[in-house]
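A.B. asks: Let me begin by handing over the structure; questions about it come next.
Any read-out appearing in this document is the output of simple, stated calculations on the displayed coordinates, not a laboratory observation. The model shown is predicted, which means the values in this text are computed figures rather than measured ones. Here the Cβ is made from the backbone with ideal geometry for all residues, glycine too, and neighbour counts use every protein chain on show.
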Amino acid sequence: MIMAGVFGFLLYLNVALSSITMIELIMSIGFSIDFTAHICHGFMTSRCETRDAKVRDAIDKTGAPIFHGAVSSVLGIIVLAAAKSYIFRTFAVVMGFVLFFGITHTLLLLPVVLSWIGPMSSEDKTHPQLNATNERNSPMEGLKAYEGLEISSPEKIKRMSSPRKTRVGISSDDISDFLRISNISN
């Protein structure tokens, strides 16, 4: 719906649908998805019981960052509106409308739709994964933390950093390694 609004208003601004405008519109789809994805993610991760409470919680968590992101984007494209280049001016107009429609749909329309028909839970109710304290297990719980690189002994560091001799052909060490490996595999 955001892009439909942008397409409709481009007619009133005498912006022709050229390859430049199409590229700008395709790029602006990302902004449209970004705004709505944050509100939807906040709604789906909310632990509230009712849809209205989940919407309120989602707006509390993500509403201000979305609005601040849009304001900073507007500040970035204001400079382009004064440019003489057709590409920059049309980009400023398209992005301005994308930001306007994106914010109004995300902060006004989408919460209403979610409060009416939004899903109550994204989890399977037949198999809740609860631990001993009746809290949900985190999907990250069983992962091992990164412990960093292994610290080597000074001898190993000295051995690895010493210059190696370049050999051509097969040495007695190579033959003994081959015989040892072939005996293990038999």
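A.B. asks: For the pair Met120 and Asp174, how long in nm is the line joining their label points, each one 7 Å along Cα→Cβ?
C.D. replies: Once both label points are built, they end up 7.2 nm from each other.
A.B. asks: Something else: Put a dot 7 Å past each Cα toward the Cβ at Val113 and Leu75; how far apart are the dots in nm?
C.D. replies: Going by the 7 Å Cα→Cβ label model, 3.0 nm.
A.B. asks: At what distance in nm do the modelled label points of Ala16 and Asp34 sit from each other, each positioned 7 Å from its Cα along Cα→Cβ?
C.D. replies: My value for the distance between the label points is 3.0 nm.
A.B. asks: Still on this structure, I have one more. Tell me the net charge near Ala53. Cut-off is 12 Å between Cβ atoms, Ala53 excluded, with +1 for each Lys or Arg and -1 for each Asp or Glu.
C.D. replies: 0
A.B. asks: Distances longer than 20 Å among the Cα atoms of the stretch 15-117: what percent of all pairs is that?
C.D. replies: Tail of P(r) above 20 Å: 44 percent of Cα pairs.
A.B. asks: If you don't mind, another one. Contour minus end-to-end for Tyr86 and His68, with contour as 0.36 nm per residue of separation and end-to-end as the Cα-Cα distance?
C.D. replies: So the extension gain works out to 3.7 nm.
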